Amino acid sequence: MMSLLPISFILISLFALELLYFKIADHFNIIDKPNARSSHTAITLRGGGIIFIIAGLIFYCYSGFQYSFFIFGLVAIGTVSFLDDILTLNNKVRLAVHLLSVLLLFYQWELFGLNWYWLIFAAVFVIGTINAYNFMDGINGITGGYSLITIGCLFYINNQVIELTSNDLLLIVGLALLVFNFFNFRKKAKCFAGDVGSVSIAFILIFLLGQLILKTENFAYILLLLFYGLDTATTVFFRKIRKENIFEAHRSHFYQYLANHLKWNHLVVSGLYMLVQLLINALVVFVVSDSIFAALLLTFVSAILFLWIRFMVEGKERLLKGEG
């Protein structure tokens, strides 16, 4: 594992590179303008999440070019997401690159020995998770904070439970998240992650979770993303009931209701999501472990509790009919 000196050097380098990107984004007018679906009111630099790709490349060089196919996939999916941020690409082009990146991920995981239907299922699940992570990126601090909780938990597992990946990768990604959060986890954010950020960090986390699941053969570890999953799944469910187009942009997530309708401070909402997921992670690591029954029970109880909270807070009319 890296010593204090290289950690400090990498942290300073990430700060400097993020500030350099801000200069470039400002020069080329890479900004996010508020609209009717936005949760913010001021023009803000977009694409600060490019730091996650940079972190991946720093790790790649520092480690002697480890996990090549994963890094190639990260660069590909991050690049197309960045271009989509500034140009708005054709959906077919974006989906094709996503699929290519996922296939590179599968090659890194050595999954091509599985039956074809498992590969299709895995591809749909991974692409769906990446897009869900992207949809959840809507207020200051939520993507950076939530991802930092996940990385921190994976670092603990890697060192105290079972070795799943390189500690250096976890540390460098964690440093990138600290840098990003410094500029984003604040009342008036200096930058937003953009698709390049939310998609890239989702790709990194899925890679790490996949390594953990393949190493332990324990699918309960997918619950390390449970709270995001519950918000996404219930939101899609209610939108289908209301006969809305689930592929259109919206502000129907629970975190969006708290931030936009109830006017909760963005950082309070983000902190709440971090805290809840941290509690779930603790239960997964220390209670659930490798028990399938315990994992299913935790998922069921969490889902019921979350649905009850949504009905209590948002109301039946709003959730089922779109009123209010």
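The values are calculated or read from the model by the stated rules, or taken from the named source; none is laboratory data. Since we're looking at a predicted model, the values are computed, not measured. FYI the Cβ positions are ideal-geometry reconstructions off the backbone, even for glycines, and counts take in every protein chain you see. Each accessible area value is taken on the protein alone, full model and side chains, heavy atoms only, with ligands, DNA and RNA left out. Shrake-Rupley method; radii C 1.70, N 1.55, O 1.52, S 1.80 Å.
Before moving on, here are some points about what is shown:
- Accessible-area order (highest first, 1.4 angstrom probe) of the listed residues Val161, Val285, Val269: Val161, Val285, Val269
- For the chain, the spread of Cα positions along each principal axis, largest first, Å: 57, 53, 38
- Relative contact order (%) - criterion: Cα under 8 Å, at least six apart; region: the chain: 22
- Choice from Ile43, Ile71, Ile204 showing the highest fluctuation, given a GNM over the chain with Cα pairs closer than 10 Å: Ile43
- Considering only alpha-carbon pairs that sit under 8 angstrom and 6 or more positions apart, the relative contact order computed for region 135-226 is 35 percent.
- Each stretch of four or more DSSP H residues adds -39500 (n - 2.57); spread over every residue of the chain, this sum gives -22500 deg cm²/dmol at 222 nm.
- Rounded to the nearest 20, the size of the Cβ-charge dipole of region 95-204 about its Cα centre is 540 debye, with Lys and Arg at +1 and Asp and Glu at -1.
- 19 Å Cα-Cα threshold exceeded, pairs from Lys23/Lys187; Lys23/Lys190; Lys240/Lys321; Lys188/Lys263: Lys23/Lys187
- Summarising the label geometry, the points placed 7 Å from Cα in the beta-carbon direction at Ser3 and Trp118 lie 4.4 nm from one another.
- Fluctuation leader among Cys191, Cys61, Cys153 - the chain, Gaussian network, Cα springs under 10 angstrom: Cys61
- Charge tally in the Cβ shell below 9 Å around Asn140, where Lys, Arg are +1 and Asp, Glu are -1, Asn140 excluded: +3
- Net charge, Gly271 excluded, C-beta distance under 13 Å - Lys, Arg +1, Asp, Glu -1: +2
- Normalised per residue, the accessible area of the chain is 49 Å², obtained with a 1.4 Å probe and no contribution from ligands, DNA or RNA.
- Simple point charges give the picture: +1 on the Cβ of Lys and Arg, -1 on the Cβ of Asp and Glu, and for the chain a dipole about the Cα centre of about 1020 debye.
- Sequence-separation-based contact order of region 178-313, relative, with Cα cut under 8 Å and 6+ spacing, percent: 28
- Within the accessible area of region 15-161, the carbon and sulfur atoms contribute 66%, probe 1.4 Å, all protein chains present.
- Residue-count net charge about Ile201 - beta-carbon cut-off 12 Å; Lys, Arg +1, Asp, Glu -1: -2
- Listed residues Phe52, Ile24, Leu89: farthest to the positive end of the dipole of region 16-162 (Cβ charges): Leu89
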